[in-house]
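Shown next, in structure tokens, is the structure this report addresses.
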């Protein structure tokens, strides 16, 4: 995994954490695992599709990715337990650099 990949996964984490706040999930890891199961089974509901589209739009704005590349990164992110590592990073950044998340 390259530094660039880490930036992309960090972006996915930031956006998905914002989406997670609007769900009924208690923990972010459960949210991620549910997203992974939905993506693996190709049975994505409306809320999940909305969350995925928000991530894709953000990735298109920042990295100029096409949809296929974005989906590849999204699937890789939710398929592993990377979300645990990146969640900590995002919370630390929000704590020490709150103005960057306005």
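Any read-out appearing in this document is the output of simple, stated calculations on the displayed coordinates, not a laboratory observation. None of these values were measured; they are calculated from a predicted model. Heads up, the Cβs are rebuilt from the backbone with ideal geometry, glycines too, and the neighbour counts pull from every protein chain shown.
Report summary: the helix-based calculation at 222 nm, which adds -39500 (n - 2.57) for every DSSP H run with n ≥ 4 and divides by the residues of the chain, gives -25000 deg cm²/dmol. Counting every other Cβ atom within 10 Å of each residue's Cβ, 77, 63 order from fewest to most as 63, 77. Largest GNM mean-square fluctuation across 35, 59, 49, computed for the chain with C-alpha springs under 10 Å, falls on 49. Remark: relative contact order (the chain) = 40 percent; criterion is Cα-Cα distance under 8 angstrom and separation of 6 or more residues. With a cut-off of 14 Å on the backbone N, the residues of the range 47-64 near the modelled label site 7 Å out from residue 18 along Cα-Cβ are 51-63.
Going by the alpha-carbon gyration tensor, a ≥ b ≥ c the square roots of its eigenvalues, is the range 51-102 rounded (a/c under 1.5) or, if a/c is not under 1.5, prolate (a/b greater than b/c) versus oblate? Intermediate results must be reported in sequence, preceding the final value.
Details: a/c = 2.98, a/b = 1.40, b/c = 2.13.
Oblate.
Once the Kirkwood radius over Cα pairs is known for the chain, the Stokes-Einstein relation at 20 °C and 1.002 mPa s delivers a diffusion coefficient of 155 µm²/s.
Label separation (residue 79 vs residue 60): 2.3 nm, computed from points 7 Å beyond Cα along the C-beta direction.
Highest mean packing comes first when the peptides 85-92, 6-13, 64-71 are listed by Cβ atoms within 10 Å, giving 6-13, 85-92, 64-71. Put in line by how crowded their Cβ is, counting other Cβ atoms within 10 Å and starting with the fewest, 82, 94 read 94, 82.
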